[in-house]
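First the structure, in the form of structure tokens, and then the observations on it.
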């Protein structure tokens with residue numbers, strides 16, 4: 001490893017139990033109380049406080065399986081409220097942009113920060129001040145992982161959570177080696193369970209083993225050039241761009257309905273809504289698609305036969321146009337629909353993705369005016385909330401929508417939900 005003065009220094013800032021922290025922000029009486037946030041349609045636990053973990057609740061558990069535990073420990077339960085979470089995420093990220101010149105948002109509740117410009121020795125006070133200021137000015141508690149690369153920062157952050165620390169640095173070689181030796185391969189950013197099987201077959205068990213493996217030919221054979229860069233990151237050399245690991249190969253948008261749907265029109269409304277969400281994600285990551293798949297299914301737990309149908313189409317050209325994709329999926333639903341079936345779930349999948357600008361243009365489609373229209377659509381929905389502008393195919397009543405029976409109020413986005421303070 002080269003001199004630390006020549007190495008970059010990265011931190012990842014992670015909002016602790018983010019969805020739960022957002023719900024607590026306007027309910028201070030829930031501080032230190034067990035709370036959970038549920039997935040779409042109030043199905044599974046997708047966020048839980050440390051107090052909820054302490055009573056035995058786990059991420060991903062179906063809510064119907066743990067109702068007794070929730071009642072026994074008086075756990076507060078909330079439906080997911082993504083408009084609120086997105087609003088508070090923008091506050092956190094906006095503050096980070098003010099505090100540091102080099103910030104890369106990684107997810108709704110995480111951001112990488114390059115602080116290589118700070119003098120050596122300033123790391124600890126900088127991390128403390130950053131954590132305190134973000135929590136003070138946004139109300140969201142955060143933790144930090146620090147290392148000479150993004151991968152090491154991710155590992156540091158995960159290890160800090162295991163140890164119950166607010167921050168952890170892997171910039172000291174001895175500390176870094178000790179943590180990497182107890183970090184399983186599958187926990188290394190970008191490897192996961194699938195690739196770890198290949199590496200274990202080569203005799204590696206830990207992140208440290210991978211970092212010290214000398215046969216780069218085998219690394220490239222099994223993981224490609226990105227694998228070589230992963231190894232370099234574990235050795236303290238920052239060389240991975242986020243897109244090399246994070247760019248989606250497929251985009252999906254699936255939801256369960258709040259009630260059984262028997263109408264083709266309602267199914268078309270739902271699928272049109274979902275493809276709008278998927279197209280928004282597509283444009284956000286700078287991609288276009290040529291493959292579209294639609295899935296419809298009934299409830300597999302009902303009495304009677306289970307019904308599932310799926311179809312896919314390959315478009316004649318790449319696109320990110322919501323209008324075109326909506327026409328395509330509504331036609332597919334009309335062909336898949338079967339009378340008398342009570343549909344419980346539908347989904348849209350976009351595949352065969354390509355980077356926008358790196359594909360063959362079509363002479364008669366995807367004009368600059370189409371792109372401008374999609375850009376305006378995204379800007380309006382980003383500012384005023386998802387679904388503010390949508391296609392007519394999405395419908396207006398949307399009686400099929402998911403259950404959100406425990407959703408918190410729209411304190412930041414609705415005048416009618418503002419907190420009322422009375423003076424006697």
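Read-outs throughout are calculated quantities, based only on the coordinates presented, and are distinct from any laboratory measurement. As the structure is a prediction and not an experimental result, all values here were calculated from the model. Every residue, glycine as well, gets a Cβ built from its backbone with ideal geometry; the counts of neighbours run over all protein chains shown.
Miscellaneous remarks
- Two-site FRET efficiency, residue 116 against residue 312, from Cβ-Cβ distance with R₀ of 45 Å, rounded to 0.05: 0.45
- Helix-only CD estimate at 222 nm, as mean residue ellipticity for the chain, using -39500 (n - 2.57) per DSSP H run (n ≥ 4): -12500 deg cm²/dmol
- Antiparallel DSSP beta bridges within the chain, as percent of all bridges there, nearest 5: 85
- Placing a label point 7 Å from the Cα of residue 354 along the Cα-to-Cβ direction, the residues of the range 267-297 whose backbone N falls under 18 Å of that point are 282-293.
- Exposure proxy order (Cβ contacts within 10 Å, fewest to most) of 277, 64, 317: 64, 317, 277
- Net length available on complete extension from residue 8 to residue 136 is 43.3 nm, with 0.36 nm assigned per residue and the Cα-Cα distance removed.
- Against the chain, whose longest principal axis comes from its Cα atoms, helix 192-201 is set at around 50 degrees.
- Label point 7 Å beyond Cα of residue 338 along Cβ direction - residues of the range 292-325 with amide nitrogen under 18 Å: 294-312
- Angle in degrees between helix 322-336 and the longest Cα principal axis of the chain, rounded to the nearest 10: 60
- Of every Cα-Cα pair in the chain, the percent that sits beyond 42 Å: 21
- Whether the range 80-205 is rounded, prolate or oblate, judged on the alpha carbon gyration tensor where a/c under 1.5 counts as rounded: oblate
- Normalised by 2.2 N^0.38 Å, where N is the number of residues, the alpha-carbon radius of gyration of the range 183-246 equals 0.98.
- Extension gain for the segment residue 129 to residue 72, taken as residue separation times 0.36 nm less the Cα-Cα distance, is 16.6 nm to one decimal.
- Extension gain (nm, one decimal) between residue 328 and residue 388, 0.36 nm per residue minus Cα-Cα: 19.4 nm
- Angle of helix 123-138 to the longest C-alpha principal axis of the chain, folded into 0 to 90 degrees and rounded to 10: 30°.
- Figure legend: label point modelled 7 angstrom from the Cα of residue 221 along Cα→Cβ; residues of the range 169-212 with amide N under 14 Å from it are 198-203.
- Inverse mean reciprocal Cα-Cα distance (Kirkwood Rh) of the range 1-170, Å: 17.0
- Point-to-point label distance, residue 263-residue 303, nm (Cα→Cβ direction, 7 Å offset): 2.8
- If you wrap the tightest convex hull around every Cα atom of the range 251-394 and split its volume per residue, you get 108 Å³.
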